[in-house]
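Below: the structure, in structure tokens.
The values are calculated or read from the model by the stated rules, or taken from the named source; none is laboratory data. Fair warning: this is a prediction, and the values are worked out from it, not measured in the lab. Glycine gets a Cβ as well: all are built from the backbone with ideal geometry, and neighbour counts include every protein chain shown.
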Amino acid sequence: MPTSPRDAELAILELLQPIVQFITSLISNLGYPGIFGLMILESALVPVPSEIVMPFSGFLVGAGKLNSVAVVLAGSFGNLVGSILTYYLGAKAGRAFVIKYGRYIFFRQHHLEVTERWFQRYGDRTSFIGRLLPGIRTYVSLPAGIGKMRFGRFVAYTLAGSLLWNTMLTYIGIQLGDSWNKIQNYSVYLDIAAAIAVIAFAIWFIRNSRKTAESKSQAGS
């Protein structure tokens, strides 16, 4: 007998319920340190969904229990720390080691290949773009480390992308209030917002690159 989309949704929610309870309990008890720790895990190859962490934190902001700026900063710097750990794992261990043992840290060769293709196509700015793309954001720092991306640029792009993503999720949580856990109903709008951010960044990057090239050309003439 075929399963309806609603039945499938309920089944997924039931499977996620222990994770949701753990995340909400930790944040309720620890506040900002809980957010910080969870988001470290989220960026260190551990499947902790930011789509639960940040909207629930936004709900607590709306309830007057947390501060919105502190929530976004806690989540974003947690992302940064987790991403740096993953970056150094890639830089020190290398591609062959990651492929061989990645399954023990919830990582598959397919994940690496997808993010590597993004780096080949978009270069270092993938560290920014990848922070806005579910399915890539958790793993994007690993190929950055394997490819020995400049560390300062990696930190800047990672933090910028994390701030933008976490601001969007926190805002949604504030707006949804008690219904924060229904964020999946708004995933389309979140994807659109992320796409707009990616396009805006691409336009800025291209214009900035052209200005830099023109400046070097004029300086050399």
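Worth a mention:
- Set side by side, the residues Thr170, Thr138 differ, and just one is assigned to a helix (DSSP H, G or I), at pLDDT 70 or above and polar (S, T, N, Q), which is Thr170.
- Residues of the range 144-158 that are buried (at least 21 other Cβ atoms within 10 Å of the Cβ), more than 15 Å from the chain's Cα centre (by Cα) and of a type outside the set (Gly, Ala, Ser): Ile146, Met149.
- With respect to the conditions (1) under 13 Å from the mean Cα position of the chain (by Cα); (2) at pLDDT below 95; (3) not aromatic (Phe, Trp, Tyr), Gly75 lacks only one, and its number is (2).
- Where a residue in the range 122-141 is within 18 Å of Pro49 (Cα to Cα) and its partner, wherever it lies, is among the charged types (D, E, K, R) and assigned to a helix (DSSP H, G or I), with Cβ under 6 Å and at least six apart: Arg137/Arg131
- Evaluation of Arg131 against the conditions (1) modelled with pLDDT of 85 or more; (2) under 17 Å from Leu38 (Cβ atoms); (3) in a helix (DSSP H, G or I) shows that the sole unmet condition is (1).
- Sole residue being of a type outside the set (Lys, Arg) and at pLDDT 80 or above, chosen from Ile12, Ile35: Ile35
- Reported count of residues in the range 40-76, each being under 22 Å from Gly145 (Cα atoms) and free of Cβ contacts under 8 Å to residues at least 60 places away in the same chain, is 4.
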